[in-house]
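Below is one structure, written out as structure tokens, with a few remarks after it.
The values are calculated or read from the model by the stated rules, or taken from the named source; none is laboratory data. The shown structure was predicted, so the numbers you read here are calculated from the model rather than taken from an experiment. Cβ atoms come from the backbone with ideal geometry, glycine included; neighbour counts cover every protein chain shown.
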Amino acid sequence: MTKWGLGHGLHVYAKGLPRRLKRKNLGKTDGEWLFDVTCLEYGDGDYLQRAVLAVESEWGHEQDIYDDFEKLLVCRAELRLFIFDRAALKFKWLRRCIQRGPVQAGDIYLLAGYDDKAKLFEFRRVDVDADLRAIAATAQGSS
């Protein structure tokens, strides 16, 4: 994700950026900024223009997973990616949170749940339509 953001000319905030990537980060600080990974676009005068990507990941206790996901519900990033241990949480619950949360038409949520038994990720994309309904599409992949 950091390489993708830097490759698109964005400022990337994430813990543990390698030295070679830090140099490409246009002088921005190393470390997290609000989310586990954040990709931002700055305009003239170094003013923040938009948040392109916000990423949260959580493995473990269900309450911690819920808490981290709620951070994405209130952010205004164009894309919100949530990576989690699927064994601890169901996609249906996340979709319900989106449907009942503070969303806007056009919001996009990318969900990646890891199934430890099958050793693969299952993916969902949830789009919020003009009626503020969460519409989910399903895709699967392996890691």
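Residue by residue, here is whether (1) surrounded by 17 or more Cβ atoms within 10 Å (Cβ to Cβ); (2) at pLDDT 90 or above; (3) of a type in the set (A, V, I, L, M, F, W, C) holds:
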position: Ala54; (1), (2), (3): yes, yes, yes
position: Gln63; (1), (2), (3): no, no, no
position: Ala77; (1), (2), (3): yes, yes, yes
position: Arg80; (1), (2), (3): yes, yes, no
position: Ile83; (1), (2), (3): yes, yes, yes
position: Ala87; (1), (2), (3): no, no, yes
position: Trp93; (1), (2), (3): no, no, yes
position: Arg96; (1), (2), (3): no, no, no
position: Asp116; (1), (2), (3): no, no, no
- Message: Quick check on the range 38-75: of everything there that is assigned to a strand (DSSP E or B) and charged (D, E, K, R), which residue is nearest to Gly7 (Cα to Cα)?
- Response: Glu41
- Result of the Cβ filter at 6 Å on the range 102-113, keeping first residues that are over 16 Å from Ile65 (Cβ atoms) and partners that are aromatic (Phe, Trp, Tyr) and surrounded by fewer than 13 Cβ atoms within 10 Å (Cβ to Cβ), at least 6 apart or interchain, is none
- Message: Can you pull out every residue in the range 102-133 that is assigned to a loop (DSSP other than H, G, I, E, B) and either in contact with a Lys or Arg (Cβ under 7 Å, 6 or more places away or on another chain) or of a type in the set (Lys, Arg) (or both)?
- Response: Lys117, Lys119, Arg133
- Does the range 76-101 hold any residues that are of a type in the set (D, E, K, R) and either in contact (Cβ under 8 Å) with a residue 40 or more places away in the chain or not in a loop (DSSP other than H, G, I, E, B) (or both), and which are they? Arg80, Asp85, Arg86, Lys92, Arg95, Arg96, Arg100
- Item | Whichever residue in the range 10-32 is within 28 Å of Glu70 (Cα to Cα) and surrounded by fewer than 16 Cβ atoms within 10 Å (Cβ to Cβ) and, among such residues, is modelled with the highest pLDDT | Lys15
